[in-house]
1. Ranked by accessible surface with a 1.4 Å probe, highest first, in what order do A:20, B:217 come?
2. Among A:27, A:93, A:13, which one shows the biggest mean-square fluctuation in a GNM of chain A, springs joining Cα atoms closer than 10 Å?
3. Return, ordered by residue number, the residues of region A:183-199 whose backbone nitrogen is under 18 Å from a label point located 7 Å along Cα→Cβ of residue A:28.
4. Rg to Rh for region B:3-268: what is it, with Cα atoms only and Rh by Kirkwood?
5. Could you tell me which helices of chain B pass both thresholds, a Cα extent of 27 Å or more along their own axis and a mean Kyte-Doolittle hydropathy of at least -0.5, with helices taken as whole DSSP H runs?
6. Using a 7 Å offset from the Cα along the Cα-to-Cβ direction at both residue A:200 and residue B:267, what is the distance between the two label points in nm, to one decimal?
7. Which residues, if any, in region A:142-163 have at least 30 Å² less accessible area in the whole protein complex than in the isolated chain, probe 1.4 Å?
8. Output the Kirkwood hydrodynamic radius of chain A, Cα pairs only, in Å rounded to one decimal.
Amino acid sequence: MDKPPVLEASFLFFKYGDETLLGGVNFKVMPGDFVAVTGSNGAGKSTLFRLILNELSPASGGIFLFGEDLKHFKGWPRIGYVQQANPAYTSSFPATVEEVVLSNLYSRIGLFRPVRKVHRKSVLGALRLVGMSQLKNRMISELSGGQLQRVMVARALVSGCELLLLDEPVTGIDAEAAESLYELLHKINRDGVTIFMVTHDIGRCAKYVSRVLCLEDGTIVELNREQLERELLNKHRHR
Amino acid sequence: MLEIFAYDFMQKAFLAGITLAVIIPCIGVIIVLRRLPMIGDALAHTSLAGVAAGLLLGINPVAGAIVVSMAAALCIEGIRKKLPKYAELSIAVTMSAGIGLAGILSGFTSGSGSFNSFLFGSIVSIDSFELALVIATSLVVLIVFLLLYKELFYVALDESSARISGVPVGFVNAVFTLLTAACVSIASRTVGALIVSSLMVIPVTCAMQFAKSYRQTVIFSVLFAVCFTIAGLFLSFYLDLRPGATIVLTGCVVLIAILITRNSKRKLG
């Protein structure tokens, strides 16, 4: 039997007041996909992300994760989440890299239960995967933007997630670090993790992703290679 | 034996002070990291309504403060859930209502001395019942804090990710607010309702200047708070000052000294 889509939006409508932001969005993300969602400012990318995270409710339509309606979805440990880097916050938060990555195992460890060696080993494994194991005792406030995002990817992966959601992961980090992060995500995707990423940076990530969805005028369309090249050319001209 | 320890009231003051110095920064760490210092202030000020009610009804004011602070804490959580967009307003609204109620009720209490002692604290005048209440409440707060140590950390670090990973964020937030309420109520008797939130923030700020992890931040915060309390009690005894205010001012002086020293080092380095 075919596996259900990892993520599916079906006739998704969302309104802010009278304004329709999403007017019947449909898409499917299949296991093994690396999908980038692009679109201009205000097109509704962040709203779509918040709907997927169940932080907002759609006016109508539905979202399905691993074939299950989001309203009843209980398999959150199967989802990893990396948000936009927020140096203003992390620069003052007194925590080590290990403490931050470990935090994503807390729900699996359970309330009132202590952290054990096996959990620390998982953390080290996740940090190795993103090339940050040598910095496990470093404070997150001492990391560069690129390093911090690698740590956040390790935090998402440590619980063995099958779907990785990324919200503008390279915003605020330099070009070299962004390229290196995309390479890492590409490797993680090849290892079997499905990735769904909202980004402005379509020019740089295009060569790593398997599909590009464009959110415009309340609907979503998949760009084929020709359309993508045109889109990139337009972006290049506007720079 | 030092003269200070010859007095029964000072022995009680040290015991209560050190017990509180252990739990207040534990709560303070989360409050500072979540950038919610107002919640400590709000609950402390609201606890004054419980103090006044306690004095009026002839029950122990500390017990009254605990009940009213807990109710205020639940009120804050309730408003937050109903109006998530205006979460900060829930603190301001609850504090205003608490202060208003405290103002009205205090007008009916006979003799303003008892009520005023809760504004700036009166650690040297606590009786055996209050000491037992402080120790018992502190034990509960400490045990729950340790049991929820990892979840409180994750919620403070990143509430969205914590929720997505399956941490029961609503439950953790509700328990934490109740712990804060219990903590500020019993602390209002010792350091005073007006300055209890300083004792939540100052030791944590000092600790953050040296700590190399979250765990160290918690441990150093407790150590700083214990030192400030012991130093403050000694100074207040020998210089005849108000103990609560002296403890907080000792903390302020140390914090300023640390910041100046570190700033000078950075400039030189």
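The values are calculated or read from the model by the stated rules, or taken from the named source; none is laboratory data. Note that the structure is predicted; figures quoted are calculated from it, not measured. Ideal geometry is used to build each Cβ from the backbone, glycine not excepted, and the neighbour counts take in all protein chains shown. To get the accessible areas, we keep the full protein, side chains included, count just its heavy atoms, and leave off ligands, DNA and RNA. Shrake-Rupley method; radii C 1.70, N 1.55, O 1.52, S 1.80 Å.
1. A:20, B:217
2. Greatest mean-square fluctuation among the candidates belongs to A:93.
3. A:194-196
4. 0.98
5. Helices meeting the criterion: B:8-33, B:37-57, B:61-82, B:87-106, B:128-147, B:169-190, B:214-239, B:243-268.
6. 3.8
7. Those residues are A:155.
8. The answer is 18.7 Å.
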